[in-house]
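To start, the structure under review is shown below, and the notes come after it.
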Amino acid sequence: MFGFITRYGGDCVVPIKEFPVGADPVVRGTPVVLASGVIEAGTANSTAFVGVANGTDGANVEVILGLEDVVFIADYIGSTKTTLAAADVGSAFGLDTTGKNIDLDNPETTGATSFDAPWVVVGYDNNNAKALVKLKAAARQAVI
């Protein structure tokens with residue numbers, strides 16, 4: 001699961017925007033995409049994200065926008081790669097099959113402007129299996 005942690009540059013306002021939710025419910029803390037005008041949960045194959053669901057009232061969902069300066073804290077998993085290291089800061093990873101965690105076994109493979117791994121590591125806590133991540137510019141859906 002993902003959560004808002006901070007914004008670089010000192011702005012303490014959490015950037016939230018409300019969107020209509022699609023047919024399937026969206027769970028708080030799930031990375032989300034905008035498709036056909038509604039918000040849906042992201043998947044391991046999603047290539048562009050709006051941000052992370054912050055809460056829903058059924059018909060609408062509040063989304064913490066994945067702006068350039070927004071940092072999220074996210075759980076990570078991996079079976080081959082099980083921890084992060086200093087060398088991983090700046091590396092990008094995709095989501096796991098549930099769409100709710102960073103998958104360390106799903107690293108970027110095609111370059112900095114690719115969409116295959118949209119979440120860039122900016123910090124980590126291996127004791128709690130948490131990564132601090134930003135949404136890569138090439139993977140941000142323009143919504144504002």
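What is the local net charge at Gly51, summed over the other residues whose Cβ is closer than 9 Å to its Cβ (Lys, Arg +1; Asp, Glu -1)? Intermediate values should be presented prior to the final figure.
On the way: positive: Lys17, Arg140; negative: none.
Overall, the nearby charge balance is +2.
Rank by packing, highest mean first: peptides 10-16, 82-88, with packing defined as the count of other Cβ atoms within 10 Å averaged across residues. Each step should come with its number before you reach the end.
Numbers: 10-16: 10.4, 82-88: 12.9.
Those peptides, ordered most packed to least, come out 82-88, 10-16.
Across region 91-104, in residue order, what do the Karplus-derived ³J(HN,Hα) couplings come to in whole Hz, using 6.51 cos²θ - 1.76 cosθ + 1.60 with θ = phi - 60° and x for Gly and Pro?
Those phi angles translate into 7, 10, 9, x, 8, 7, 5, 7, x, 10, 9, 6, 10, 5 Hz.
Once the Cα atoms of region 2-65 are picked out, what are the Rg and Dmax in Å?
Rg then Dmax for region 2-65, in Å: 11.6, 37.
Between Ala87 and Glu68, what length in nm is gained on full extension when 0.36 nm per residue of separation is reduced by their alpha carbon distance?
Values: separation 19, 0.36 × 19 = 6.84 nm, distance 2.15 nm.
So the chain would gain 4.7 nm between Ala87 and Glu68.
Evaluate the distance, in nm, between pseudo-label points positioned 7 Å from the Cα of Tyr8 and of Ala138 along their respective Cα→Cβ axes.
Result: 1.7 nm between the two label points.
Report the charge-dipole magnitude of region 70-139 in Debye, nearest 20, computed about the Cα centre from +1 at each Lys and Arg Cβ and -1 at each Asp and Glu Cβ. If you can, show how the numbers build up before the last one.
On the way: 5 positive and 8 negative charges, 35 e Å.
For this selection, approximately 160 debye.
List every residue whose amide H lies under 5 Å from the amide H of Thr47, counting only residues 5 or more places away in sequence or on a different chain, with H placed 1.01 Å from N in the peptide plane.
Distant-sequence amide H within range of Thr47: zero hits.
Where the only charges are on Cβ atoms (+1 Lys, Arg; -1 Asp, Glu), what is the dipole of region 7-120 about its Cα centre, to the nearest 20 debye? Intermediate values should be presented prior to the final figure.
Numbers: 5 positive and 15 negative charges, 15 e Å.
Once rounded to the nearest 20, the dipole reads 80 debye.
Excluding residues fewer than 8 places away in the same chain, name every one of the lysines whose C-alpha is closer than 28 Å to that of Lys81.
Correct list for Lys81: Lys100, Lys130, Lys134, Lys136.
Scan region 1-51 for trypsin sites (Lys or Arg not before Pro) in coil per DSSP, keeping those whose Cβ has at most 15 other Cβ atoms within 10 Å, and list them by number. Spell out each step's value before the answer.
Details: sites: Arg7, Lys17, Arg28; in loops: Arg28.
The qualifying sites are Arg28.
All of the numbers you see were taken from the coordinates with simple rules; none came from a lab. Remember, it's a predicted structure, so these values are computed and weren't measured experimentally. Note: ideal-geometry Cβ built from the backbone for every residue, glycine included; neighbour counts use all protein chains shown.
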